[in-house]
1. Considering every residue within the stretch 59-77, establish whether at least one is more than 30 Å from Q202 (Cβ to Cβ), modelled with pLDDT under 60, part of a helix (DSSP H, G or I) and touching a Lys or Arg at 6+ places or on another chain (Cβ under 8 Å).
2. So which residues in the stretch 180-202 are open to solvent by less than 50 Å² (accessible area, probe 1.4 Å), more than 22 Å from the chain's Cα centre (by Cα) and β-branched (V, I, T)?
3. Quick one: how many residues across the stretch 184-202 are in contact (Cβ under 8 Å) with a residue 40 or more places away in the chain, closer than 30 Å to K150 by Cβ and in a helix (DSSP H, G or I)?
4. Determine, yes or no, whether V160 is aliphatic (A, V, I, L, M), touching a residue at least 12 places away in the same chain (Cβ under 8 Å), assigned to a strand (DSSP E or B) and surrounded by fewer than 22 Cβ atoms within 10 Å (Cβ to Cβ).
5. Considering only residues that are within 25 Å of N102 (Cβ to Cβ) and part of a loop (DSSP other than H, G, I, E, B), look in the stretch 203-235 and name the one that is least open to solvent (accessible area, probe 1.4 Å).
6. So the check is Cβ under 9 Å with 6+ separation or different chains; which pairs have a first residue in the stretch 106-125 that's free of Cβ contacts under 8 Å to residues at least 24 places away in the same chain and a second one that's aromatic (F, W, Y) and open to solvent by less than 60 Å² (accessible area, probe 1.4 Å)?
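The values are calculated or read from the model by the stated rules, or taken from the named source; none is laboratory data. Bear in mind that the values here come from a model prediction, so they are computed numbers and not experimental data. As a convention, Cβ positions derive from the backbone with ideal geometry for all residues, glycine included, and neighbour counts pool all protein chains shown. Note: accessible area is taken over every heavy atom of the protein model, side chains too, but ligands, DNA and RNA are not part of it. Shrake-Rupley method; radii C 1.70, N 1.55, O 1.52, S 1.80 Å.
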Amino acid sequence: MAATSTTVSTFLHPLHHHDTNLSSSKRGMYHRFSSLSLLSTTSSKSSRIQFSPKGSANPLFVAPVVEKKRKSSFQTEAVRQLTGSLTKAEGFRFAIVIARFNEIVTRPLMEGALDTFKKYSVREEDVDVVWVPGCFEVGLVAEKLGKSGKYNAILCIGAVIRGDTTHYDAVANSAASGVLSAGLNSGVPCIFGVLTCEDMDQALNRAGGKAGNKGSEAALTAIEMAALFEHHLKE
């Protein structure tokens, strides 16, 4: 408190040394503004001191301001975090279900997926490719392959491009729900690698063009999900 009292004495200097030449109105102004609150910084717990109009400390108004620190009940050290590894793909088996419709798009997607599997040490004999007429049939075949128990993940590839009718919406929605249902019903990760594009340029850009190869990205997802199921979620 010594440091605080020194500061207070200096701050209240005009209140204790009244100039006799000041008018009564000016002296009254000093007294009207002499009720001050200073925050002490001399200890870890802050104290607020209220001064009376004459500048003397009133101990009745000394109240410590204690900062409460919230203690979180969530202990991050105890949480297990599981993730699939991309470095443990050797020995996994994959199936690719690919739609023949819009093959000018779907074949480059398949090639991108096969290249990625090879880069991550998946052997060629551990990948089976199954062709189906279109995206509508992808989900059915994916579920059948998943239930066979031969594969760690199923990669579903197709391309739906908007036309002049509402056929696009029906096929795109059916393909998405079909792949989802295949994974849920078989218990094997079924990866959605079906492009849904406004025009052919968009599709080609995503099949090895300016926007990369979505088939390659889907293959990475398949590897990660296969590793997650095999190393952490296997019953």
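1. yes
2. Across the stretch 180-202, the qualifying residues are V188, V194.
3. 2
4. Working: aliphatic (A, V, I, L, M): yes; touching a residue at least 12 places away in the same chain (Cβ under 8 Å): yes; assigned to a strand (DSSP E or B): yes; surrounded by fewer than 22 Cβ atoms within 10 Å (Cβ to Cβ): no.
Taking the combined requirement at face value, the residue does not satisfy it.
5. Per the stated criteria, the residue is A211.
6. Short answer, once both residue conditions are applied: E124/F117.
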